[in-house]
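Trainee: Please see the structure below; I have some questions.
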Amino acid sequence: MDMLKTLGLFATTAVAEILGCYLVWLWLAQGRAIWLLLPAALSLAAFAWLLTLHPSAAGRVYAAYGGVYIGMALVWLWLVDGIQPSTTDWVGAAVSLLGMGIIMFGPRPT
């Protein structure tokens, strides 16, 4: 799987997870309608399914996915919550993305 396809799949996966969790949060923390749990469940099911599309071992995919999730969560913070991430937020995300790159794309013994 090439790098851009992997990153795109991880980004899509992160949006599905964040959206599902956000809808549950809206119901629990904001007192929104319980019907939000239906799209939340669908979104979280899509998140789990998307993780299975990577050809790498599950543990490696889960470990690397965390780096992309951090970056996407900061984008969500900015676009949905209306809070601009700080410089240290972005530096932390860059470090986590570097770790993701090393895990997913680093050389491995054959």
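The values are calculated or read from the model by the stated rules, or taken from the named source; none is laboratory data. The structure displayed is predicted, hence computed values, not measured ones. Cβ: placed from backbone, ideal geometry, glycine included. Neighbour counts: every protein chain shown. The accessibility values were calculated without ligands, DNA or RNA, using every heavy atom of the protein model including side chains. Shrake-Rupley method; radii C 1.70, N 1.55, O 1.52, S 1.80 Å.
Trainee: Against the condition in a helix (DSSP H, G or I) and touching a residue at least 40 places away in the same chain (Cβ under 8 Å), how does V24 come out, does it pass?
Mentor: Considered against the rule, which asks whether it is in a helix (DSSP H, G or I) and touching a residue at least 40 places away in the same chain (Cβ under 8 Å), V24 comes out as no.
Trainee: Select from region 94-110 the residues that are under 16 Å from Y62 (Cα atoms) and surrounded by 11 or more Cβ atoms within 10 Å (Cβ to Cβ) and list them in ascending order.
Mentor: S96, L97, L98, G99, M100, G101, I102, I103, M104, F105
Trainee: Moving to a separate point now. Give me the pairs, please: first residue somewhere in region 39-50 and within 14 Å of Y22 (Cα to Cα) and part of a helix (DSSP H, G or I), second residue anywhere and open to solvent by less than 60 Å² (accessible area, probe 1.4 Å) and of a type in the set (D, E, K, R), beta-carbon distance under 7 Å, and either six or more positions apart or on two chains.
Mentor: L44/E17; F47/E17
Trainee: Could you grab the pairs with beta carbons closer than 8 Å, sequence gap of 6+ or different chains, first residue in region 78-107 and free of Cβ contacts under 8 Å to residues at least 12 places away in the same chain, second one exposed (fewer than 12 other Cβ atoms within 10 Å of the Cβ)?
Mentor: W78/Q84
Trainee: Let me ask something else. Report the residue count in region 64-93 for those that are open to solvent by 60 Å² or more (accessible area, probe 1.4 Å) and within 19 Å of G8 (Cβ to Cβ).
Mentor: Residues flagged as open to solvent by 60 Å² or more (accessible area, probe 1.4 Å) and within 19 Å of G8 (Cβ to Cβ) within region 64-93 amount to 3.
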